[in-house]
Amino acid sequence: MLHDPNRIYIFDTTLRDGEQVPGCQLTTSEKIEIAKELEILGVDVIEAGFPISSPGDFQSVVELSKAVKDPIICALTRANTKDIDAAVESLKHAKRPRIHTGIGASDMHIKYKFNSTREDILERGVAAVKYAKKFVEDIEFYAEDAGRADVVFLAQMIEAVIAAGATVVNIPDTNGYCLPDQYGSKIRFLKENVKNIDQAIISVHCHNDLGLATANSIAGIQNGARQVECTINGIGERAGNTSLEEVAMILKTHQLGYYTNINSKKFYELSGMVSRMMRMPVQPNKAIVGKNAFAHSSGIHQDGVLKFRENYEIINPEDVGIDQSEIILTARSGRHALKHHLERLGYVIEKINLDEVYERFLVLADSKKEIKDDDLLLLMGDGTERNYKDGITIKLLQVMCGDPLIPTAMVKLEIHEKVYEAVASGNGPVDATIKAMDSIIKKEVTLKEFHIDAIHGGSHDISKVNMRVKYGDKYYAGYGFSSDIVKASANAYLDAINKFI
C-alpha cells in the first residue's frame, strides 16, 4: 500500500471505547452530533460502535454512516461470522466502511480468555479477516493484548492477517502495561521482521492504566506506526485511552517530521461538548484542554508570561481554541499581574498609585482564594480618592431629597490640593450629584450608560454602579461601590473622569 510516510492517521474511538465508561452512554442523536464535530476536526476514522453488542449500538453505526461522509466509518467485531455479519449490515450506508476485527494475541488471553492454543487463535484470526474481506475492502485487525504478547508469535500473526487481506494492523497495549521503550521496540520489531508489513498501516491503541498511553503512542509513531487510536479528553475504559488532543499537539509542538489533518483550534470546544454530553468533567490539570492548562497564578510565572508568553507556555492557547492565557489573581500574584488586569478593565496605569492599590489588593487576596473582576472594581471604585495620582477626590457629598423636596446635592471636590464646592439640583439625587460635580470640573462630559446592581441582595447590600461616559470622541468606563447608591454613583462617575483628567 502506498501512503505518505510522514502522514499520521487519526482513528477516533470516543464513540466506541470512550463510551464504554460507566454512566457515559450516548443516544444515537448525541453520537451523530459529536461525529459531525469530529468530521470538522479532521479525524480520518470514526469508530462508531460495536454493532452486535446491542440494537442501540447497531442503529448508531447505521445512522452515523448516513450522517458522516468524509471520515472512514468503522465497526468493531470479534473474530466470528455473526459479529462480522452485523457489522456489514450496519455499514451498508457508509461511504467509506471499515470492519475492525481481531482476537487475543498474548499467551495470557489465549489460555485464560479463550482456553485455546496459539495455532487455533491464529487460524481464527485469519479466517475472520478473510470472511470480512468478502464484504468490505478496508479491514483492520486488532491483536488484543499485544503489549504483553510474545513478539515472535505476534509477528507471525500480523504477517498472516496481512496476507489474508488486512489493510491496517492494530497493536494494542490493551492493559496499559508497556513502558514507551518496550512498546516502541515491539512496533520496530514488527516493522523490521514482518515481510509484508509494507502492505498495511501499523496502528497503535494504548490505554492509560499507568499514565503512559500518550507516551506509548508517540513511541509507536517514532518506530513505524502511522495510525493512532485515541479519544477526546482521553476518555475510555478504566483509566482511559490515548488523548487525541495530546498526540496532535505533541506532533505539532515538537515538529518530529509527522503531520495530521487535525484542526487543533476545534479542541477546546469539542472537549467541552464531549464532557457535557457524557457527563464526565475534564480534570482541571488535564493537558491541552483542562481549565488550568493555560492558567497562571504564581507571581513569578505571571510576570514571565506577561513579558514573553513563551517563557511559560510551549503552546499558543489560540492554537487549541482558547482565546488567551488566564492570569489568575491570588495572594501569590505580583504587581505585574495586577497591572495587567487593571489595564484590561480600562485603568491607565500611569495615573494610578499602583503600590497603594497593590497593598490593598494583598489584604483582599489574603481573605479570598481568587480575585475576580468585581473584586478589583470594588477595590478601585471604593478607593477612588486613593487610587489616582493627582486625581480628583470627593471630600464631601451631601444630598437632600424626598417628597416634596427638589433633589439637591452639595459636593466638595479636591483638585490639585485645592477644594472646590458646588450645589446643584436635579430630577433625582444621582442627577443632582453629577450636575454639581460637572459644575466644578467644567468639562464637556456626557453620561451614556448607567447601571446599578446589588452584589448579594437585600436593602443593606453593597451597590455596584457601572457608568460609561463620553469625553471628546472617546468613551471611558467607571465603577463605584458603596452601601449608599448615591455615593456609589459619585464614585463611578469620578472613576471614569479620573481616567482622562
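Structure notes:
- Compared with the alpha-carbon gap, the fully stretched path from LYS470 to LYS130 is longer by 114.7 nm at 0.36 nm per residue.
- Computed from Cα atoms, the angle from the helix 244-254 axis to the main principal axis of the chain rounds to 80 degrees.
- Positive minus negative residues near ALA105 (Lys, Arg vs Asp, Glu; Cβ under 14 Å): -2
- On Cα atoms only, tilt of 151-164 relative to the major axis of the chain in degrees: 80
- On Cα atoms only, tilt of 81-90 relative to the major axis of the chain in degrees: 40
- Ordering CYS401, ILE434, ALA477 by Cα displacement along the dipole of the stretch 393-499 toward the positive end leaves ALA477 in first place; charges were set at the Cβ atoms of Lys, Arg (+1) and Asp, Glu (-1).
- Ranked by how many other beta carbons lie within 10 Å on average, peptides 472-481, 18-27, 44-53 from highest: 44-53, 472-481, 18-27
- Whole-Å distance, taken between Cα centres, linking the stretch 98-176 and the stretch 1-35: 21
- Here the calculated FRET efficiency for ALA287 and VAL423, from their Cβ-Cβ distance with R0 = 51 Å, stands at 0.20, rounded to the nearest 0.05.
- Mean Cα-pair separation over length for the chain, i.e. relative contact order, pairs under 8 Å, 6 or more apart, %: 9
- Straightening the chain between ASP120 and ILE300 buys 58.6 nm, computed as 0.36 nm per residue apart minus the Cα-Cα spacing.
- Loop-located trypsin sites (Lys or Arg not before Pro) in the stretch 175-257 (DSSP state other than H, G, I, E, B) with a sparse environment of at most 12 neighbouring Cβ atoms within 10 Å: LYS195, ARG238.
- Simple spin-label estimate for ILE452 and ARG335 in nanometres, 7 Å along Cα-Cβ: 3.8
- The stretch 335-397: chymotrypsin sites (Phe, Trp or Tyr not before Pro) falling in loop per DSSP and having at most 12 other Cβ within 10 Å: none
- Stretchable slack from GLN156 to LEU256, in nm (0.36 nm times residue separation minus alpha-carbon distance): 33.0 nm
- Distance between the 7 Å Cα→Cβ label points at HIS416 and ARG7: 7.3 nm.
- FRET efficiency, GLN25 to LEU362 (Cβ-Cβ, R0 41 Å, nearest 0.05): 0.25
- Label-to-label distance, nm, for residues given as GLU444 and LEU396 (7 Å Cα→Cβ offset): 3.2
- Neighbours of MET467, meaning other residues whose beta-carbon lies under 12 angstrom from its beta-carbon, give a summed charge of +3 when Lys and Arg score +1 and Asp and Glu score -1.
- Once the 1.4 Å probe is applied to the protein heavy atoms, the chain comes out at 46 Å² accessible per residue.
- Packing-based ranking of 3-14, 66-77, 436-447 yields 66-77, 3-14, 436-447, ordered from highest to lowest mean Cβ neighbour count within 10 Å.
- Listed by chain and number, the aspartates and glutamates whose C-alpha is less than 15 Å from the C-alpha of LYS252, apart from same-chain residues fewer than 8 away, are GLU313, GLU318, ASP319.
The values are calculated or read from the model by the stated rules, or taken from the named source; none is laboratory data. As the structure is a computational prediction, the values presented were derived from the model and not from experiment. We place every Cβ from the backbone using ideal geometry, glycine too, and count neighbours over all the protein chains shown. Heavy atoms of the whole protein, side chains included, go into the accessibility calculation; ligands, DNA and RNA do not. Shrake-Rupley method; radii C 1.70, N 1.55, O 1.52, S 1.80 Å.
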